[in-house]
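I'd like to ask you about the structure that follows.
Here, each number is a calculation from the coordinates, and none is a lab measurement. Quick caveat: nothing in here was measured; it's all calculated off a predicted structure. Neighbour counts are summed over all protein chains in view; Cβ atoms, including those assigned to glycine, are modelled from backbone coordinates with ideal geometry.
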Amino acid sequence: MARLNGKVALVTGAAKGIGAATAKVLAREGAKVVCTDLDETGGLAVADEIANAGGEAAFMRQDVVDEAQWEAAVKLAEDRFGALHVLVNNAGIAPEGGPIEEKTLASWRRTIEVDLDSVFLGCKHGIRTIKKYTSKGGVGGSIINLSSILGLVGQPNASDYNAAKGGVRLMTKSVALECADAGYNIRVNSVHPGYIDTPMVKDALNRGVVQGQAVGPNEMRELLIMLHPIGRLGIDTEIANAILFLASDESSFMTGTEVVVDGGYTTR
């Protein structure tokens, strides 16, 4: 219950799903957590739940594609909790599916903006802040970028999402090397979930945008389950626990790598 004692974390997209589960798990293990999201009601509820359980948390409404709001978010961590050591770039969207020949440039750019540009901004301002509180051989920092199995393998009708999440994977490696070369003692890794039983995936199922299949949400869900050799969809805490490992000193020799938590999806 003390794997992150003394650490301050910032989690984006913390109002629900993987982000909410991550904020709660990090707080349970001793971190002081800044929760951010566009959903004020949900984000405040998560921060309140952490506080009611004896932890420390703050909420800020944040649009992750607005650079000024990134500056405000990292400043909140410093002003409220005195430091920043861990950043979880979790916020993202599941765009409408469809063939690339039918996608609009505006929808393509929106997906790249939210799912890739926001991670760039998070890494930029996260590193600028975290490096002030880390030292070589001492307290280390950790940035965890949420990618996807679709950052590793292709899927029809998901060209924009594939591009964004694949970009997150390789950007993570580049940023990890930059931090290592600079001696910042900040590790940077990506997490690649399979299909997780979250509100975002449920919404995608309802919109019929998964795997390019023209079937209903129940049939779609069964199809997805069949694609995971473990025989089910994942749950948000399973991803949160992987993020916890990367945030903690237990992963102190890991940087620039991808942690795949996908029930065997990418092993076929």
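Kindly provide log₁₀ I(q)/I(0) values, in the same order as q = 0.14, 0.25 Å⁻¹, from the Debye equation applied to equal alpha-carbon scatterers of the range 51-103.
-0.55, -1.11
Over the chain, what relative contact order in percent results from Cα pairs under 8 Å that are six or more residues apart?
The normalised contact order for the chain reaches 19 percent.
Same structure again: Taking the Cα centroid of the range 234-256 and of the range 132-201, what is the distance between the two, rounded to the nearest whole Å?
About 12 Å separates the Cα centre of the range 234-256 from the one of the range 132-201.
Most exposed first by the Cβ proxy, i.e. fewest other Cβ within 10 Å, how do 171, 226 rank?
226, 171
For the chain, list log₁₀ I(q)/I(0) at each q in 0.15 Å⁻¹, using the Debye formula over Cα point scatterers of equal strength and ignoring solvent, two decimals each.
At q = 0.15 Å⁻¹ the computed log10 ratios are -1.06.
All other residues with a Cβ under 13 Å from the Cβ of residue 156 taken together, and with Lys, Arg as +1 and Asp, Glu as -1, what is their net charge?
-2
Would you mind listing how long the range 1-141 runs along its three principal axes, going by Cα atoms, in whole Å with the largest first?
Principal-axis extents of the range 1-141 (Cα, largest first): 50, 34, 23 Å.
Take peptides 11-24, 117-130 and line them up by average Cβ neighbours within 10 Å, highest first, as a rough protection proxy.
Result, highest mean first: 11-24, 117-130.
Please give the charge dipole size of the chain, origin at the Cα centre, charges +1 on K and R Cβ atoms and -1 on D and E Cβ atoms. Round to the nearest 20 debye.
620
Another question, if that's okay. What does the highest-first list of 45-55, 156-166 look like by mean Cβ count within 10 Å?
The densest-packed peptide leads the list: 156-166, 45-55.
Which residues in the range 115-132 place their backbone N less than 14 Å from a point set 7 Å from the Cα of residue 178 along the Cα-to-Cβ direction?
Inside the label zone: 117-131.
Sticking with this structure for a sec: For the chain, return all DSSP H helices satisfying: extent of Cα atoms along own axis at least 24 Å; mean Kyte-Doolittle hydropathy at least -0.5.
Counting only whole DSSP H runs, the qualifying helices are 159-182.
Please report, in whole Å³, the volume per residue of the convex hull around the C-alpha atoms of the range 111-268.
Normalising the Cα hull of the range 111-268 by residue number yields 109 Å³.
Here's something else I'd like to know. What is the calculated FRET efficiency for residue 39 to residue 108, with r their C-beta to C-beta distance and R₀ = 41 Å, to the nearest 0.05?
My answer for the efficiency is 0.95.
Let me ask something else about it. Apply 1/(1 + (r/R0)^6) to the Cβ-Cβ distance of residue 250 and residue 222, taking R0 = 35 Å, and write down the FRET efficiency to the nearest 0.05.
The value I calculate is 0.45.
Also, quick follow-up: Using only the alpha-carbon atoms of the range 140-197 as identical scatterers, what base-10 log of I(q)/I(0) does the Debye formula give at q = 0.12, 0.17, 0.24, 0.25 Å⁻¹?
The computed values of log10 I(q)/I(0) come out as -0.32, -0.57, -0.88, -0.92.
Which one of 185, 259, 223 is farthest out on the positive end of the charge dipole of the range 174-263, using unit charges on Cβ (Lys, Arg +1; Asp, Glu -1) and the Cα centre as origin?
223
Determine the dipole magnitude for the range 72-148: charges of +1 sit on the beta-carbon of Lys and Arg, -1 on that of Asp and Glu, nothing else is charged, the reference point is the Cα centre, and the result goes in debye to the nearest 20.
560
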